[in-house]
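Novice: Below you will find the structure I want to go over with you.
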Amino acid sequence: MNEHYEKLMTYKGADELKDLVKQWETLSENLNKRSFDAPIILPDLFVYTTPGFGNTTLLSILAEYLDSKKNLMSFYGDVKFFEFKLEYCHPENDFCELYRLIDAVKNAAGFRNEFKGIIRINIDEWVYHHEEKHFHDFLQFLQFNTSYWMIILTISNKKENDNTRALEAVASMYLRLEKITLHMLTNSEFVDFAEAHIAKYDLKLDDSAKALLEDSIAVLKKNEYFYGLHTIIDLCNDIVYSIYSSSLNVSHVITADMLGDFKADSDYIKRTIMKSKKSSLGF
């Protein structure tokens, strides 16, 4: 079985994407059995996600999967994918963001002078501006190039509502879109992720340590500036550092007693929340 497919199938919080990839598996098998010249172009995606979900990692796996199939889409250029945030431009101003996107495409193409691959574009700032000419010009540009690119329009940290649905409807006028939601991991799934990350350092969490971390993660998640997997990775790295710098006789099994500095009511958790607030404000 394709290793990239297996990675996608085990990715937490991406069930709707998994269902779509399963359809692509069937499509690929059918294309292997038939012979015709007309290309089948995959749909573009409209994705609801959250900051810190691991979007770039997931996108990297998806690109490797599609490239490995050989008959689903073509890749050409210096990279298989890149990410772009479409900043808002007032209607009375020049639409400089479109020029910036064109430059990003040229950079992705490199010396090959052409880019074929995946572009993930964050359109958060256009949720309330979907009727403006700049946004329609942007979508027309994408429509013209959709046979060369898989376009993934993403909205982050916003639940589906009337405004986002209106934005999606406008985008659907120009692109063939599949809507997907990537869900924030549960507390226990974050603990599973933490356990796997810490295991890379020859350390194991016992049940008491897992319970302690689940409580701490629950507190972190209540903070509006929680940054998903990035926050959990920082937490894990600090735990590993603490364990290996505290004693020469390190136990390979971590217990709750060894994680007192990381409890839900600890100064560490309070500092992490404050640090996240400052990062979100640009400090």
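Novice: Given the structure, is Phe144 within 28 Å of Thr57 (Cβ to Cβ) and in a helix (DSSP H, G or I)?
Specialist: no
Novice: Give the residues of the stretch 237-276 that are β-branched (Val, Ile, Thr) and over 15 Å from Asp206 (Cα atoms), sorted by residue number.
Specialist: Ile269, Thr272, Ile273
Novice: Among the candidates Thr181, Thr255, which residue alone is β-branched (Val, Ile, Thr), within 20 Å of the chain's Cα centre (by Cα) and surrounded by 12 or more Cβ atoms within 10 Å (Cβ to Cβ)?
Specialist: Thr181 is the lone residue from the list that is β-branched (Val, Ile, Thr), within 20 Å of the chain's Cα centre (by Cα) and surrounded by 12 or more Cβ atoms within 10 Å (Cβ to Cβ).
Novice: Further, regarding this structure: Tally the residues that are β-branched (Val, Ile, Thr) and either crowded, with 16+ Cβ neighbours inside 10 Å or closer than 22 Å to Pro51 by Cα (or both), restricting the search to the stretch 10-28.
Specialist: Within the stretch 10-28, residues that are β-branched (Val, Ile, Thr) and either crowded, with 16+ Cβ neighbours inside 10 Å or closer than 22 Å to Pro51 by Cα (or both) number 2.
Novice: Okay, moving on. Could you tell me which residue of the stretch 87-114 is farthest from Asp67 (Cα to Cα), considering only residues that are in contact with a strand residue (DSSP E or B) (Cβ under 7 Å, 6 or more places away or on another chain) and open to solvent by 10 Å² or more (accessible area, probe 1.4 Å)?
Specialist: Going through the qualifying residues, I end up with Ala104.
The values are calculated or read from the model by the stated rules, or taken from the named source; none is laboratory data. Please read these numbers as outputs of a predicted model, since none were measured by experiment. Because the Cβ atoms are built from the backbone with ideal geometry, glycine has one as well, and the counts that use them run over all protein chains shown. Note: accessible area is taken over every heavy atom of the protein model, side chains too, but ligands, DNA and RNA are not part of it. Shrake-Rupley method; radii C 1.70, N 1.55, O 1.52, S 1.80 Å.
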